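Accompanying notes for the structure given below.
Coordinate-derived values only; no laboratory data. Predicted model only: the values in this text are computed from it and were never measured. As a convention, Cβ positions derive from the backbone with ideal geometry for all residues, glycine included, and neighbour counts pool all protein chains shown.
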Amino acid sequence: MKQQISQVLAEARRAQSRWAARSFKERALVVMEIRDYLVTNAERIAATISEATGKPRIEALAAEVLPCALACSWYAHNAKKFLGPRRLPTSSMLFFNKKTELHRQPLGLVAIVSPWNYPFAIPFGEVIMGLMAGNGVILKVAEETLRVGRLIAEIINASSIEPGLFAHLEGDGAEITDELFAQGIDKLFFTGSVRVGKLLMKKASETLTPLCLELGGKDPMVVLEDADLERATNGAVWGGFQNAGQTCAGIERIYVHEKIYAEFIALLASKTRALRQGPDTSFNSEIGQITTDRQLTTITRQVDAALRKGAKILAQARLTAEAPGRFYPATVLIDVDHTMEVMSEETFGPVLGVMKFASLEEAVSLANGSTYALTASLWTRNLAKGKELAQRLDAGVCTINDHLFTHALAEIPWGGFKQSGIGRTHGGLGLEEMTQVKCINWDWLSPKRNVYWYPYSAATYQALLAALRFAAGRAPLKAAAVFLPYYLRKVFSSWRLL
């Protein structure tokens, strides 16, 4: 493995030096080739994702393939806007002679380590960001979804990309990341659990390798007294059960105002019972199966523990007759509280816990009562109130009257607070994460020396003191009368004449 990775990185670095020299327009042409290949093969790609994960083909198409095609277009057309050079304004008249430009340069080689729940959409968008920023990209997907990783490699390499610029590695994840750190990868982008994220931070510290981490969520949905309950309950079942609940930004906790609680849970129960859950045969299933045995065990353990503590099952989706495999029925729990793991730890399954609140203060406290803070949603007819309340919620993204969909919008930065991770992907901020910042500063005039250079004297001290007072607006005319003559003498005279 060590020799293989060494060869892959060496080839990628050679290709990256050529790729970085290409203009944004030239890189964009390649990315649009990638998009066109993706669109042409969309049905095959969706079917492969569905087979690898157990999710319905509709979800594979809507939540993975379609957003990736849109992302190609957005990054191709907007990378230069966010990563091109820009002039910084001068901070003070005292430095009128100084001009500064901000430049963003490619990192070099970035590694992307992705999970099994969205095995196509999560890494694909980051691959495109890395390429448009001028980097070489090394991809490692989850062992459970290797077929999807190979498919991504096929799509990328079907374009006129620099040979070797992109590589897909297969094997033990810990061994691969250890070698990537040891052999000098320039940045690692990881999506996965908090436990693994902390291990990677520890390893990265040994080589000071920068990281961007997205580590999951326990996302709250807050339903205010004036909410449209039809929309809110429709949004709850989709936002909570989509992808069989295996979504870091899916709804897991619902907090409902006590005045509408009874009506809300009645509608939520009815909509949950109406869902069809089973294999994706003829587009007759809304919810697929759990992707791994380990995840099914986690979901079952959390729900069973909550029931032993007093929680009740309000409603469950119906499993179709032909539903053998890792199916856990979409479940709504009531009489839950934050002492239960199902309301405090990431469940990553089709389970919604519902609690009531009496005041906005209580709602905010409940919503923020988590170590995770990825996304959150507010449901209200009062947009101004929703925006005001959104400022008080701990979340990297807060939506009003919707949930979960923002990962599909290439322009929206993606990431969270607390243990939900570090850094951002997607949007302009995601592009910036793929670069180094360089400032270039110069003088537009060429004086003999700067006023604060040698030689020093009592006059230097008095002039700098006057400059301070001038900049602070303290008797500016008097200060200027002291500073300006000294400035002109020093910067335009020889050493001896001072």
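Quick one: what Rg and Dmax do you get for segment 448-492 from the alpha carbons, in Å?
Cα only, segment 448-492: 10.1, 29 Å (Rg, Dmax).
By how many nm would the segment from T320 to K25 lengthen if fully extended, with 0.36 nm per residue of separation less the alpha-carbon distance? Don't skip to the answer; put the middle values down first.
On the way: separation 295, 0.36 × 295 = 106.20 nm, distance 5.04 nm.
Gain in length upon complete extension: 101.2 nm.
Cut-off is 10 Å between beta-carbons; in what order do H77, H257, H403 appear when sorted fewest neighbours first? It would help to have the intermediate numbers written out before the result.
Working: H77 14, H257 22, H403 28.
Listed from fewest to most nearby Cβ atoms, that is H77, H257, H403.
Express as a percent, rounded to the nearest 5, the fraction of DSSP beta bridges in the chain (both residues included) that run antiparallel. Each step should come with its number before you reach the end.
Details: 21 of 61 bridges.
Roughly 35 percent of the beta bridges in the chain run antiparallel, per DSSP.
What distance in nm separates the two pseudo spin-label positions at I440 and D172, each 7 Å out from Cα along the beta-carbon direction?
The two pseudo-label positions are separated by 4.7 nm.
Take the alpha-carbon centre of segment 281-298, take the same for segment 365-413, and report the distance between them in whole Å.
Result: 27 Å between the Cα centres.
Fewest to most neighbouring Cβ within 10 Å: what's the order for E144, E51? Could the numbers behind the result be given before it?
Numbers: E144 17, E51 14.
Least to most surrounded, the residues fall as E51, E144.
Quick one: net charge of V451's neighbours, Cβ under 10 Å, K/R +1, D/E -1? Please report the intermediate quantities before stating the final value.
Working: positive: R449, R489, K490; negative: none.
It works out to a net charge of +3.
If you line up the long axis of helix 146-157 against the longest principal axis of the chain, both from Cα atoms, how many degrees apart are they, to the nearest 10?
The helix 146-157 is inclined about 40 degrees to the chain.
Placing +1 on the Cβ of each Lys and Arg and -1 on the Cβ of each Asp and Glu in the chain, which of L409, A471, G325 has its Cα farthest towards the positive end of the resulting dipole?
Positive-most Cα among the choices belongs to A471.
Any idea what diffusion coefficient segment 373-461 gets from Stokes-Einstein, in µm²/s, Kirkwood Rh on alpha carbon pairs, 37 °C, 0.692 mPa s?
On the way: Rh = 17.2 Å.
In µm²/s, the coefficient rounds to 191.
Assuming 0.36 nm per residue, please report the length gained on full extension of the stretch R195 to K99 beyond their Cα-Cα distance. Let's see the in-between values first.
Numbers: separation 96, 0.36 × 96 = 34.56 nm, distance 4.57 nm.
Stretched out fully, the R195 to K99 stretch lengthens by 30.0 nm.
Roughly what would the spin-label model give for E51 and E11, points 7 Å off Cα along C-beta, in nm?
2.6
Straight distance only, please: which lysines reach the Cα of K309 with their own Cα at less than 21 Å, same-chain residues fewer than 8 apart left out?
Filter leaves K218, K356.
If the cut-off is 12 Å between C-alpha atoms, which aspartates and glutamates fall inside it for K99, apart from same-chain ones fewer than 8 positions away?
Qualifying aspartates and glutamates at Cα under 12 Å: D443.
What is the Cα centroid distance between segment 420-477 and segment 167-234, reported in whole angstrom?
36
Nearest 10 degrees, 0 to 90: what angle lies between the long axis of helix 2-20 and the longest principal axis of the chain (Cα atoms)?
60
What size of dipole, in debye to the nearest 20, comes out for the chain about its Cα centre when the only charges are +1 on Lys and Arg C-beta atoms and -1 on Asp and Glu C-beta atoms?
On the way: 56 positive and 49 negative charges, 585 e Å.
Result for the chain is approximately 2800 debye, rounded to the nearest 20.
Residue separation times 0.36 nm, minus the C-alpha to C-alpha distance between T40 and K259: what's the value? Before the final figure, lay out the partial values.
Working: separation 219, 0.36 × 219 = 78.84 nm, distance 5.07 nm.
Difference between extended and current length: 73.8 nm.
Each residue of segment 393-410 in order: what ³J(HN,Hα) in whole Hz does its phi give by Karplus 6.51 cos²θ - 1.76 cosθ + 1.60, θ = phi - 60°, with x for Gly and Pro?
So the J values, rounded to whole Hz, are 8, 6, 6, x, 9, 10, 10, 10, 6, 6, 7, 6, 5, 5, 4, 7, 9, 4.
Per q in 0.14, 0.17, 0.20 1/Å, what log10 I(q)/I(0) does a Debye calculation on the alpha-carbon atoms of segment 79-197 return?
-0.65, -0.85, -1.10
Of all the C-alpha pairs in segment 1-95, what % are more than 15 Å from each other? Provide the component values of the computation, followed by the final result.
Working: 3279 of 4465 pairs.
Looking at segment 1-95, the distances longer than 15 Å represent 73 percent of pairs.
Using R₀ = 25 Å, calculate the FRET efficiency as 1/(1 + (r/R₀)^6) where r is the Cβ-Cβ separation of L484 and R86; round to 0.05.
0.20
Could you give me D for the chain, from Stokes-Einstein at 25 °C and 0.890 mPa s, where the hydrodynamic radius is the Kirkwood radius over C-alpha pairs? Units µm² s⁻¹, please.
Values: Rh = 25.4 Å.
Answer, rounded: 97 µm²/s.
Where does helix 66-83 land angle-wise versus the long Cα axis of the chain, in degrees 0 to 90, nearest 10?
Tilt of helix 66-83: around 10 degrees.
Once you have the alpha carbon radius of gyration of segment 170-263, what is it after dividing by 2.2 N^0.38 Å, with N set to its residue count?
Details: Rg = 19.7 Å, N = 94, 2.2 N^0.38 = 12.4 Å.
The reported ratio for this selection is 1.59.
Nearest 500 deg cm²/dmol is fine: what mean residue ellipticity at 222 nm does the chain get from its DSSP H runs of n ≥ 4 alone, each adding -39,500 (n - 2.57), divided by its residue count?
After summing the helix terms and dividing by residue count, I get -13500 deg cm²/dmol.
If R₀ is 25 angstrom, what is the calculated FRET efficiency for the pair R392 and N234, using the beta carbon separation as r and rounding to 0.05?
Working: r = 25 Å, r/R0 = 1.02.
Step by step, r from the Cβ atoms, then E = 0.50.
Take every Cα-Cα distance within segment 260-316, group them into 5 Å bins from 0 onward, and report for each bin the whole-number percent of pairs it holds.
All Cα pairs considered, the percentages come to 4, 15, 15, 19, 24, 15, 6, 2.
Just tell me which lysines come within less than 28 Å, Cα to Cα, of K98; anything on the same chain fewer than 8 places away is out.
K80, K81, K438, K448, K478, K490
In units of 2.2 N^0.38 Å, what is the alpha-carbon radius of gyration of segment 219-407? If you can, show how the numbers build up before the last one.
Values: Rg = 15.6 Å, N = 189, 2.2 N^0.38 = 16.1 Å.
The value comes to 0.97.
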